[in-house]
Amino acid sequence: MKCIGASLALALLCSSMTAPALANTETAALSAEQTAFIDALVEQHQLDRTRLQQLLGSAKVNQEVLEAIQRPWEAKPWHQYHPIFLTEKRLAAGVAFWQEHEATLARAEAEFGVPAEVIVAIIGVETFYGTYLGKHNVLDTLYTLGFHYPPRATFFRKELGEFFRLTEEEGLPATELQGSYAGAMGYGQFISSSCRHYAIDFDNDGVRDLLTNPIDAIGSVANYFAKHRWQAGAPVAVQLSATEANAALASEGLKLNSTVAELTKQGLQVPENVTLTPESKAKVFAFELEQGHDYWLGLQNFYVITRYNHSPLYAMVVHQFSQQLARTKQGTSSQ
């Protein structure tokens with residue numbers, strides 16, 4: 001089973017599915033740290049040492065990546081963050097994408113329990129439905145962050161190892177793949193480890209193609225959420241009134257450390273028309289407005305969205321966008 005794009009598949013087929021030669025690529029001498037990194041990959045996963053040496057030696061530091069990783073959109077306050085994504089243009093594109101792939105989205109929802117609007121929202125937020133797939137060389141990106149960005153070197157060095165495994169397992173052109181400033185690729189912007197573990201062949205053509213095939217991307221996003229324990233039919237989040245009691249319960253972090261019952265005992269006030277299971281895990285989040293804050297009660301499915309991007313802002317914009325999509329799609333269907 002391959003995790004590649006159709007255009008890449010054709011190129012690889014013409015070269016007998018082998019990795020591209022690097023004989024003419026200028027390579028730099030490896031440091032002791034980089035050599036130890038390769039030693040570990042060879043020992044643990046039996047990868048091709050010569051290939052790893054050539055690839056790592058040819059990788060270059062990308063200064064744009066270093067700058068971008070230090071100013072993520074998720075560092076913005078909510079009132080500046082959400083207008084980036086909640087636009088009429090993205091909404092229209094999302095409804096069109098949903099209509100074009102309605103049968104596939106319905107099948108994904110039936111098989112994995114993840115609502116179509118959530119899948120459409122993820123792909124829309126990540127790549128505007130395949131329009132913006134990333135402009136950075138993935139090898140250079142992961143090398144840069146793994147060896148030249150100490151705050152997150154451990155994570156990105158692990159992802160570089162996953163990238164080497166992915167490209168060797170599937171015969172991918174490791175020096176050619178493009179992605180985000182964090183090394184994410186394809187319609188749903190999967191990092192290498194996610195591609196290896198969660199990508200699926202949803203159109204049953206023998207290829208897991210997240211780079212050019214929206215059908216496989218839809219199935220893979222749904223599979224990702226299901227594997228992270230999405231609860232079918234359960235709510236994502238509940239908007240709360242901006243009372244002093246609710247504000248006092250808001251806290252930082254992502255983990256749902258309390259239950260609805262525990263928060264209720266501490267003064268949580270939910271809308272009268274909302275019924276929640278007392279044992280459900282929950283957390284109160286505060287989202288900064290130009291004046292004051294917006295308060296929401298995040299539940300298990302909200303937490304699952306943060307497994308895709310570890311930010312409450314991201315999860316909230318996906319949730320709100322999904323609700324906009326559902327309302328708009330229903331309106332167009334009834335006309």
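The values are calculated or read from the model by the stated rules, or taken from the named source; none is laboratory data. Predicted model only: the values in this text are computed from it and were never measured. So basically every Cβ, Gly included, is an ideal-geometry build from the backbone, and we count neighbours across all protein chains shown. All accessible areas refer to the heavy atoms of the entire protein, side chains included, with ligands and DNA or RNA removed. Shrake-Rupley method; radii C 1.70, N 1.55, O 1.52, S 1.80 Å.
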**OP:** Could you check how much of the accessible area of the chain is carbon and sulfur, as a whole percent, using a 1.4 Å probe?
**Re:** 50
**OP:** Give me the distance in nm between label points sitting 7 Å out from Cα along the Cα-to-Cβ direction at Arg152 and Val61, one decimal.
**Re:** 1.8
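Compute the semi-axes of the equivalent ellipsoid of the chain, taking the square root of 5 times each eigenvalue of the Cα gyration tensor, and list them largest first in whole Å.
Details: eigenvalues 295, 115, 60 Å².
Gyration-tensor ellipsoid for the chain: 38, 24, 17 Å.
Using 0.36 nm times the number of residues separating His228 and Glu262, minus their current alpha carbon distance, what extension gain do you get?
Working: separation 34, 0.36 × 34 = 12.24 nm, distance 2.43 nm.
Separation in residues times 0.36 nm, less the Cα-Cα distance, equals 9.8 nm.
Give the accessible surface of the chain per residue, rounded to a whole number of Å², with probe radius 1.4 Å and ligands, DNA and RNA excluded.
On the way: 16010 Å² over 335 residues.
That works out to 48 Å² for each residue.
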Original post:
Which whole-number percentage describes the relative contact order of the chain, with Cα contacts under 8 Å and a sequence gap of 6 or more?
Top reply: 20
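Give the calculated FRET efficiency between Glu176 and Ala242 to the nearest 0.05, with a Förster radius of 51 Å applied to their Cβ-Cβ distance. All intermediate terms of the calculation are to be shown ahead of the outcome.
Working: r = 50 Å, r/R0 = 0.99.
Efficiency at R0 = 51 Å is approximately 0.50.
Kirkwood-based Rg over Rh for the range 36-82 (C-alpha set), two decimals?
Numbers: Rg = 17.8 Å, Rh = 13.7 Å.
Expressed as Rg/Rh, it is 1.30.
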**OP:** Show which lysines lie in cross-link reach of Lys135 when reach means a straight Cα distance below 24 angstrom and same-chain residues fewer than eight apart are skipped.
**Re:** Lys2, Lys60, Lys76, Lys89, Lys158
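Which value results for Rg/Rh of the range 178-335 when Rg is the Cα radius of gyration and Rh the Kirkwood radius based on the inverse mean 1/r?
Numbers: Rg = 18.0 Å, Rh = 17.5 Å.
Result for the range 178-335 is an Rg/Rh of 1.03.
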**OP:** Evaluate the distance, in nm, between pseudo-label points positioned 7 Å from the Cα of Ser251 and of Asn273 along their respective Cα→Cβ axes.
**Re:** 3.1
